[in-house]
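The values are calculated or read from the model by the stated rules, or taken from the named source; none is laboratory data. Since we're looking at a predicted model, the values are computed, not measured. Reconstructed Cβ throughout: ideal geometry from the backbone, glycine too, with neighbour counts over all protein chains shown. For the accessible areas, the whole protein counts, side chains as well, though only heavy atoms, and no ligand, DNA or RNA atoms are used. Shrake-Rupley method; radii C 1.70, N 1.55, O 1.52, S 1.80 Å.
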Amino acid sequence: MSKKNKSNILLKILEGFINLVIFISILQILFEDIALIKGFDPKLKIILMFIGFGIDLIFTIEFIARSILSTKNRGFIAYFFYQYGWIDFLCSIPLLIMNSLPSFILFLTTKTLYKSTVGFIKIIRIIRAIRITRILRILRVLKILKNLQNANSKMAQNHLSQILVIFIFTLLISLIGYSFISDFSVNKMIEKQVQTYQLVFLGYNQIINDFHVNSKYDELHNFLSKIKSSFLVDPKVLSVEMINLPSQFKLQDNLLYKIDNFDHIINNFSNYQLDIGFFRLIFSTQYFENLKTSVELLIFISIILGSILFIFIYLRSFVTRISDIIYIIFKGIKHKDYFLMVKIPENYKDEEIFEFAKFYNDIYLPAKRKQYQKTEQTSKISIDDLMNMDL
Amino acid sequence: MAQTNQKVDQFLDHLLSLPPIKKDCPIGAEQQIITFIKTNLPKLEVSFTKPEFFPDLPPKETIAYILSTLQKRVVDQSINFFKRIITSEIDFSILRKVRKRPIDEDKIKEKMINLITEMISDPICRSQMKPVFYILEQKYINKVVDLLFERKAFTYNELVRVQKCYIEAPEYVSYLKILLLLSQFVNYPPENKKIFINASTNEEKVQICNNSAKTLVRKIPEIDIIECKLAIDSNLPENLIEIWQASSRLLFILLHRFNEYEPGLKAEKGAETPDKSWYGVARKIAKDFGYSKGIVDELYLIANEIR
């Protein structure tokens, strides 16, 4: 095997590997968000964190390698600005430095998970989805688009990549805009919830004080039983503990309310502790986190589905209505004995490309045919065909 | 010698099984191999002296031996093919119906087989039989005639009414196959002073065809001069034949189509099929190439239904 063949095979293996990593990275983002919403086991979250770190590391190495190689070819600028190097960059170094590396180091040193990913960085992870365009090559290999002769044409892929980048960035900008609206921020929502609880529990405090002043301890017990049932209707309330109670109350158990799977929720979901007078309230903030994550997940799924639809619908349309036609005409101009006509669909015959194809069919090919003389016949067999002969 | 025979056979088996010519008909494959040997002669002469090839024979003798073995194979295969067509795919009784006179079908078959055997044995004539082989192999006439008779449009009108040949589609298939088989008699040197493919002017072409038709009718007197003329004139462009010769005009187009036929050529995405493309271009250059515009237009319209 020649050196060139070997390096081509190696290049194909590497390309295949990177495509696989892109595919895994999409799944990783998807699972990470689902794990957050569904409160998956921390072990799974650790695995996902490790995978995320591995992906960012691989993409970083790939970006650096491509950057170095680009200096030998068309230059770094060409790679960075015209061959989507900037996407490779966004998907690698910032994510590694600001997200997965700190999480990784934190876990190695403290064995705890780095919970709060910076919002913008979290959004930028979705940029990884842009690299789905590279998966076009996988699709070609899988022959999913086997009916599309020129699905692997550079022009088709570049146009589709450009459209996908615009599509994905539109959604991302919307998401970033959404994250900047303070009313939709998780902290703001928690703040509002805290205010609501404060109002309610300050009222309870007032009533308890009244009972205390009037020494109505039996009524106090009844009152506490009543408010206990009101916590049941609010799934965000995880536990309510009585604190700083006057000694005359003699409550057997200071714990007023606690949900059944309290420990699991405390360990796997985010929560907030609030002391209001006689009460210590622990409520789940996961609901608000979930709202935020759901929006991100929705955008991410929209990106993936949108990209797939673009690949199957737009790419198909582009290939059958542009690149196939160019391919046939180019072949007809290049090869003297190629006389296949371009197929012109009735519905699109007014489009410029098909008008051009009509000119090729009706004027160029007949003129070429008139000129064409089948002179010296060339054989379809070559001397190389004898090389591997075993007589 | 036996070892050399075996090696030559293996050598030819190898060449004939190569993907680029695997799907060619024997005549097409022979042309490819001859061209290959011609273009690579110096290299082959060196290679053939190597121990793994034919070290015991001088290279020129080796090549001559290879070519004669190839020719024998191709002639045998082609004769078998045409024999099968003549004996099992053509109903010669149609000649009786068309000319309204008694004929001995078995005698015509026998004479046709003998004539085709002679023609195939001649290298020049054989090479001109390539499109005939493909047309018959593909059952192209069957498909085309069925479609044309179904449409009952221009070509049907020309074949039936203008040519005054009032027969049904299956009969016309046999009729055209007989004409097609005889068409290359004009390129059979032993029976023609000058063969058609060497003619340079139109007058010469017409002259050769007229003489050839007369020679043909002498060879097989059971076949009428009209059929001989229709068969031979299918080598002539529209402007050099008479208006009633619709069969010749149709066969002229088909012979040209299959002269450029590439077996196994797949339809490319975004392109018309090879047939549709060929007729599409042919209708634009019909006048220059002598194709009947009406017939080629109709063939263009039915091109995608033919296969």
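Among the listed pairs A:LYS334/B:LYS284; B:LYS23/B:LYS284; B:LYS83/B:LYS276; B:LYS83/B:LYS219; A:LYS368/B:LYS229; B:LYS194/B:LYS229, a Cα-Cα separation exceeding 25 Å is found for B:LYS23/B:LYS284; B:LYS83/B:LYS276; A:LYS368/B:LYS229. For the cross-link pairs B:LYS111/B:LYS152; B:LYS130/B:LYS287; A:LYS154/A:LYS358, the ones whose C-alpha atoms lie over 27 Å apart are B:LYS111/B:LYS152. Model label points for A:TYR272 and B:LEU265, set 7 angstrom from Cα along the Cα-to-Cβ axis, are 7.5 nm apart. Residues of the stretch B:29-70 whose accessible area, computed with a 1.4 Å probe over protein heavy atoms, drops by at least 40 Å² once all protein chains are present relative to their chain alone are B:GLN32, B:THR35, B:PHE36, B:PHE53. The C-alpha atoms of chain B define a longest principal axis, and helix B:26-39 lies at about 50 degrees to it.
From the alpha carbon centroid of the stretch B:211-260 to that of the stretch B:9-72 is 35 Å. Heavy-atom accessible surface of the stretch B:78-190, averaged per residue, reaches 40 Å², computed with a 1.4 Å probe. In this simple spin-label approximation, A:PHE23 and A:ASN187 carry label points 7 Å from Cα along the Cα→Cβ vector, and these lie 4.1 nm apart. Using the Cβ-Cβ distance between A:LYS154 and B:ASP76 with R0 = 60 Å, the FRET efficiency computed as 1/(1 + (r/R0)^6) comes to roughly 0.75. When you restrict to C-alpha pairs under 8 Å that are six or more residues apart and normalise by the size of the stretch B:30-178, the relative contact order lands at 22 percent. 3J(HN,Hα) couplings calculated from phi for the stretch A:58-65 with the Karplus curve 6.51 cos²θ - 1.76 cosθ + 1.60 (θ = phi - 60°) are, in sequence order, 5, 5, 5, 4, 4, 4, 5, 4 Hz; Gly and Pro show x.
For a straight C-alpha distance cut-off of 27 angstrom, the lysines reachable from A:LYS236 (same-chain residues fewer than eight places away being disregarded) are A:LYS38, A:LYS43, A:LYS45, A:LYS115, A:LYS122, A:LYS188, A:LYS192, A:LYS226, A:LYS228, A:LYS258, A:LYS292. Measuring nothing but protein heavy atoms, the accessible surface of the protein assembly as shown at 1.4 Å probe radius is 58 percent carbon and sulfur. Computed from the Cα positions only, the extents of the stretch A:297-367 along the three principal axes stand at 58, 25, 13 Å, in decreasing order.
Backbone geometry of the stretch B:151-162 corresponds, through the Karplus equation with coefficients 6.51, -1.76 and 1.60 at θ = phi - 60°, to 3J(HN,Hα) couplings of 6, 6, 9, 4, 5, 4, 4, 5, 5, 8, 7, 5 Hz, x marking Gly and Pro. The distance separating the Cα centre of the stretch A:3-34 from that of the stretch A:226-245 comes to 51 Å. Across the stretch B:167-215, C-alpha contacts under 8 Å between residues 6 or more apart give a mean separation that, scaled by the residue count, equals a relative contact order of 30 percent.
Give me the summed buried accessible area for the B-A pair, 1.4 Å probe, to the nearest 100 Å².
Working: alone 14960 and 24060 Å², together 35710 Å².
In total, this chain pair buries about 3300 Å².
Heavy-atom accessible surface of the stretch B:267-307, averaged per residue, reaches 37 Å², computed with a 1.4 Å probe.
Heavy atoms of the protein chains alone define the surface here; on that basis the stretch A:277-343 has 45 Å² accessible area per residue at 1.4 Å probe size.
The relative contact order of the stretch A:165-287 comes to 24 percent, based on Cα pairs under 8 Å that sit 6 or more residues apart. Residues in the stretch A:230-244 carry Karplus couplings, in order, of 5, 5, 4, 7, 10, x, 6, 6, 9, 7, 10, 10, 8, 10, 6 Hz; the curve used is 6.51 cos²θ - 1.76 cosθ + 1.60 with θ = phi - 60°, and Gly or Pro positions show x.
What do you get when you divide the Cα radius of gyration of the stretch B:189-307 by 2.2 N^0.38 Å, with N the number of residues? Show your work: numbers first, answer last.
Numbers: Rg = 16.1 Å, N = 119, 2.2 N^0.38 = 13.5 Å.
Compared with the compact-globule rule of thumb, the stretch B:189-307 sits at 1.19.
Among the residues of the stretch B:274-307, those with an accessible-area drop of 20 Å² or more from chain alone to full protein complex, heavy atoms and 1.4 Å probe, are B:SER277, B:VAL281, B:LYS284, B:ILE285, B:ASP288, B:PHE289. By the rule of a C-alpha distance below 21 Å, with chain neighbours fewer than 8 residues away ignored, the lysines paired with A:LYS6 are A:LYS72.
Note on B:LEU41 and B:ASP288: with the Förster distance fixed at 30 Å, the Cβ-Cβ geometry gives a FRET efficiency of about 0.25.
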